[in-house]
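Everything below concerns the one structure shown next.
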Amino acid sequence: MHEISVMGQLIKAILEKLNEYEFKEVQEVEISVGELAFLAEDQLRFAFEVLTEDTALRGAGLVIKSSKSIVKCENCRYEGPLNVEDDPKYHIAFPIFACPKCNSPVEVIKGRECEVTNVRLTIEQDGKEK
Ligand SMILES: [Zn+2]
């Protein structure tokens, strides 16, 4: 399952970063998933739950935000989002993205990333946030 390995990398990065902080617990992790990454939200949540079980992230909330794509077409100079929503032809392992204007293959500028955008920590007993 692709989501497990992606989430594993994110969690590893978060835990490394957390070494720099003193905190009581992690409240919430927010990630941004590009719409061309085709990571299923429920699979990401499942992976997060399983992979954080024995870590400092255990019990933390997970917020998943979807970010829009930007593609660039060399043929007609189109630059903008790709409308991939609910199009099953893209739900394969290595989809080829075509320009919405001229149908040529496009270069993906943005939309395949999956990154941590925010981590909320409880620093003290009174619930101060950072
Ligand atoms: Zn084009």
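Candidates are the residues of region 94-121 that are part of a loop (DSSP other than H, G, I, E, B), more than 14 Å from the ligand (Cβ to nearest atom) and more than 12 Å from the chain's Cα centre (by Cα); the one that is nearest to Val84 (Cα to Cα) is Pro95.
Of the listed requirements (1) at pLDDT 95 or above; (2) surrounded by 11 or more Cβ atoms within 10 Å (Cβ to Cβ); (3) closer than 30 Å to Asn118 by Cβ, Tyr78 misses just one: (3). Could you list all residues from region 1-32 that are open to solvent by 100 Å² or more (accessible area, probe 1.4 Å) and touching a residue at least 12 places away in the same chain (Cβ under 8 Å)? Across region 1-32, the qualifying residues are Met1, His2, Lys17, Glu22, Lys24. Scanning region 103-130 for residues that are at pLDDT below 95, of a type in the set (Ser, Thr, Tyr) and within 25 Å of Gly61 (Cβ to Cβ) turns up just one, Thr122. Only one of the numbered conditions (1) aromatic (Phe, Trp, Tyr); (2) touching a helix residue (DSSP H, G or I) at 6+ places or on another chain (Cβ under 9 Å); (3) open to solvent by 60 Å² or more (accessible area, probe 1.4 Å) is not met by Phe97, and that is (3).
Yes/no per residue for (1) modelled with pLDDT of 95 or more; (2) more than 18 Å from the chain's Cα centre (by Cα):
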| residue | (1), (2) |
| --- | --- |
| Lys24 | no, yes |
| Glu30 | yes, no |
| Ala37 | no, no |
| Val63 | yes, no |
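The values are calculated or read from the model by the stated rules, or taken from the named source; none is laboratory data. None of the values given here were measured: they were computed from a predicted structure. Positions of Cβ are generated from backbone atoms using ideal geometry, with glycine treated the same way; all protein chains shown enter the neighbour counts. Quick note on the areas: whole protein, heavy atoms, side chains included, nothing else; ligands and nucleic acids left out. Shrake-Rupley method; radii C 1.70, N 1.55, O 1.52, S 1.80 Å.
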